[in-house]
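All remarks here apply to the structure that follows.
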Amino acid sequence: MHAVARWCILPLVKTSITPNHITHLRLLTGIGAAVAFGVGNYFWSAWGGAIFFISAMLDRADGELARVADRATPGGHWYDLACDMIVNVLVFLGIGVGLREQMGWWGPVMGGVAGLSVGVTFLIVFRLHALGTHPSTAFKLPIYFDLDDSLFLVSFCAWLKVLLPLLVASAIAAPLFLIIVLWRSRQVASQAGSNPVPCTTSPRREQIPGSNAV
C-alpha cells in the first residue's frame, strides 16, 4: 500500500500541500467512516468501508509525501500518530454501535475494547521505532508486511456484510496481540538499554520496507 500511496502523492511534491494537510483529511475521513458504521444498516456500512479505505490510504500518503518531499517534522509525526489512535478507536467503536440491534450493549463494549487495543499497539510499535528496532524484526514478521495494512480488512468486511464476526474476532484477538506486543517490546527495550541504538531519523522521513511508520 505504501508503493501505491507514493505513486499517488508524486504530483503533490512540488506544491504547497503539506503532509499535515493530508493528515487532516485522514482524520476527517476516519471520523466520517466511524459515523457511517454507527448508523447500523448495510447502505451506510458499505459507505463506511469505502470512506475508511480512503482514510487508510491517506494515512500512508502523508508519510510518503513527507519522505519524498523532505517535509518531515517531529510535530507532524506525533500528530499523525494521534490521528491514527483516534480513527482506530472511533471506527471500531462505530462498528460496535452499528451492531447494537444485533448485539445489544456488547457491540459498543467490544468495539471499544478492539479499538483501544489496536490504538495502544500502534503506540508501542512507534516506541520500537524510537528505539531503533523495526517492528518486523521485533515480532518476527515478513519484511514487507505492515501491521496496519491488516486494517484494510475492515472495508472488505463491511462490503461483504461480515462486520459482526470481524468485531467479535477483533475484540478477542486485538487484546491478545497487545499482550504479546507488550511482552516483546519489554524484551526489545531491555536489549536496547544494554546496547543502545541511536534513532536519528523520523519514521516520517525514512522509507523502510514493511514499515508502518508514517
query = Which percent of the accessible area of region 52-101 is formed by carbon and sulfur heavy atoms (probe 1.4 angstrom)?
reply = 71
key: Ranked packing of 74-80, 21-27, 184-190, most packed first, by mean Cβ within 10 Å   = 21-27, 74-80, 184-190
ask   = Per residue, how much space in cubic angstrom lies within the convex hull of the C-alpha atoms of region 1-132?
value = 99
inquiry  = I'd like to compare 9-20, 108-119: which one has the highest average count of other Cβ atoms within 10 Å, and what's the full order after that?
reply    = 108-119, 9-20
task = Write down the accessible area per residue of region 1-113 in Å², having rolled a 1.4 Å probe over the full set of protein chains.
result = 46
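The values are calculated or read from the model by the stated rules, or taken from the named source; none is laboratory data. These numbers were taken from a predicted model, which means no experiment stands behind them. Cβ coordinates were reconstructed from backbone atoms using ideal geometry, including for glycine residues, and neighbour counts include every protein chain displayed. Accessible surface is based on the protein model in full, side chains and every heavy atom, while ligands, DNA and RNA are left aside. Shrake-Rupley method; radii C 1.70, N 1.55, O 1.52, S 1.80 Å.
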